[in-house]
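The values are calculated or read from the model by the stated rules, or taken from the named source; none is laboratory data. From a predicted model like this one, the values you see are computed outputs, not experimental measurements. Heads up, the Cβs are rebuilt from the backbone with ideal geometry, glycines too, and the neighbour counts pull from every protein chain shown. Heavy atoms of the whole protein, side chains included, go into the accessibility calculation; ligands, DNA and RNA do not. Shrake-Rupley method; radii C 1.70, N 1.55, O 1.52, S 1.80 Å.
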Amino acid sequence: MKWCHIPVAGHALLGVADAGGSIELLRLVGSENTYRLQPFSSFALEKQCLALSLDWSTGKADRASDQPLKVISSDSRGQLHLLKVTEAGPGLQGVATWQAHHFEAWIAAFNYWQTEIVYSGGDDGLLKGWDTRTPDTSIFSSKRHSMGVCSIQSSPHREHILATGSYDEHILLWDIRNMRQPLADTAVQGGVWRLRWHPFHRHLLLAACMHGGFRIFNCQKAIVRTWICVLLGDVWSCPKAIY
């Protein structure tokens, strides 16, 4: 489940990826002190598959008001699905579907700064990038994680920063201008099922680490050192620890 970062038609909107293979949109409605979730739209991805993740294209705080509202989703057959949201019916419409991974595509996420670009992680251990305008071929494919990639989030505060997590119990911090090696690599004692950047404190990253519990990381050192290295013209000489 994931809330849209902006109101849609005057309502907060919740997206749900469900085991029936559908993306459901629910809007929060209420009067006085009573609130409830009301079905708004539904889109079936594929037959005989599970919907495994979704992300909204609205993660960047100063998003342009005329930017299309989109959802990216992944499924248990290794496919990605790009959907668009319209305020008038039918609400959710399919834009593109493509095969991204050989096994389950655990996670799909937008680049919040350039929403034509999306990322995906699969049970095949691959982290991939895609241009949704030409999705037939990935723009990069990384095998740096040693097990399935199950969490990805673009930083809403820093344009080129991407965080990824895996069943290999590592969080990797990337500068997307060079995906050959991560900026930081930290072991967390648990498969990294979800990652979230703090909405206001730009250096804080929350990780849900399965049996390792929840952990909060301060990424300031890695990010600041990275930008210093960029200014010095040697972005890839930065240290490999998040804290």
Run the 1.4 Å probe and let me know the accessible area of Y35, rounded to the nearest 10 Å². 150
Using a 1.4 angstrom probe on the protein heavy atoms only, could you order L195, L50 from most to least accessible area? L50, L195
Could you put W193, W106, W3, W56 in order of accessible surface area, largest first, with the 1.4 Å probe and the full protein assembly present? W3, W193, W106, W56
Holding the Cα-Cα limit at 22 Å, pick out from K2/K60; K47/K128; K128/K221 the pairs that are longer than that. K47/K128; K128/K221
Taking trypsin sites (Lys or Arg not before Pro) as exposed when DSSP calls them loop (any state but H, G, I, E, B) and at most 12 other Cβ atoms lie within 10 Å, what is the longest stretch of the chain free of them, the sites themselves excluded? 48-132
Local electrostatic count at L50 - Lys and Arg +1, Asp and Glu -1, tallied over other residues with Cβ under 13 Å: -3
With every protein chain kept in the model, how would you rank S154, S138 by accessible area, 1.4 Å probe, largest at the top? S138, S154
T34: accessible area at probe 1.4 Å, nearest 10 Å²? 90
D66 paired with M1, simple spin-label distance in nm, labels 7 Å along Cα-to-beta-carbon: 3.6
Ellipticity estimate at 222 nm from DSSP helix runs (n ≥ 4, -39,500 (n - 2.57)) divided over the chain, nearest 500: -1500 deg cm²/dmol
Residue-count net charge about G148 - beta-carbon cut-off 11 Å; Lys, Arg +1, Asp, Glu -1: -4
In degrees rounded to 10, the 0-90 angle between helix 220-232 Cα long axis and the longest Cα principal axis of the chain is 70
Please give the contour-minus-distance gain from E32 to N218: 0.36 nm per residue of separation, less the Cα-Cα distance, rounded to one decimal in nm. 63.0 nm
Provide the solvent-accessible area of E159, counting protein heavy atoms only and rolling a 1.4 Å probe, rounded to the nearest 10 Å². 90
